[in-house]
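Below is one structure, written out as structure tokens, with a few remarks after it.
No value in this document is a laboratory result; all are computed from the given coordinates. These figures come from a predicted structure and were not determined experimentally. Every residue, glycine as well, gets a Cβ built from its backbone with ideal geometry; the counts of neighbours run over all protein chains shown.
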């Protein structure tokens with residue numbers, strides 16, 4: 001019970017911090033000149049991608065954010081991305097589905113959504129932010145008009161503090177795998193967080209093994 005409480009408190013702290021960032025970020029949609037309306041005076045749709053350990057429809061996080069946006073901007077179409085067939089798969093895939101596969105899945109989903117064909121704004125939370133940046137770089141149709149990054153690790157991440165996984169065993173497993181060899185080919189293929197692991201003590205290895213396989217690199221020319 002004590003372990004569960006500590007995990008839950010850590011999760012609440014993370015979500016509180018993200019909520020503060022979200023409130024600052026969402027205000028950008030209301031500033032003068034922001035693309036909230038399209039040329040036909042219709043509300044531009046919004047696509048959001050959750051972070052690690054979360055899901056598209058968690059009523060305490062993405063579900064609440066989606067509802068808040070819809071209340072603040074009447075008539076807006078908000079697509080909260082589900083990576084998988086259900087909420088459980090969505091959460092697990094945030095840890096174990098290779099980023100390239102996730103991005104390809106999202107690109108296909110956006111291309112098939114008739115409500116997005118005129119373009120959309122995007123908001124990514126934590127790792128969802130850099131994954132949406134890959135979507136913008138790889139998949140120009142439908143066009144992403146604006147990307148708001150809320151806590152995105154665009155320069156990578158080192159360490160694994162306050163892991164918000166459903167159990168501490170998952171977090172401990174990932175920490176062990178990353179510490180053992182984040183740049184190992186097998187780990188790169190099967191552990192999402194390894195794909196943006198940035199060891200500050202070995203920058204050259206980071207550039208060589210991480211960003212050559214995807215479009216998320218801040219050094220990659222676009």
Grab the beta carbon distance between residue 184 and residue 138, set R0 = 30 Å, and tell me the FRET efficiency rounded to 0.05. 0.75
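What share of Cα pairs, in percent, lie more than 14 angstrom apart in the stretch 44-120?
Numbers: 1821 of 2926 pairs.
Percent of Cα pairs beyond 14 Å in the stretch 44-120: 62.
Please find the FRET efficiency linking residue 109 to residue 205, where r is the Cβ-Cβ separation and R0 is fixed at 30 Å, and quote it to the nearest 0.05. Before the final figure, lay out each step's value.
Details: r = 34 Å, r/R0 = 1.13.
The value I calculate is 0.35.
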Tell me the label-point distance for the pair residue 155, residue 88, using the 7 Å Cα-to-Cβ offset, in nm and rounded to one decimal. 4.0 nm
With 0.36 nm assigned to each residue of separation and the Cα-Cα distance removed, residue 64 to residue 147 gains 27.9 nm
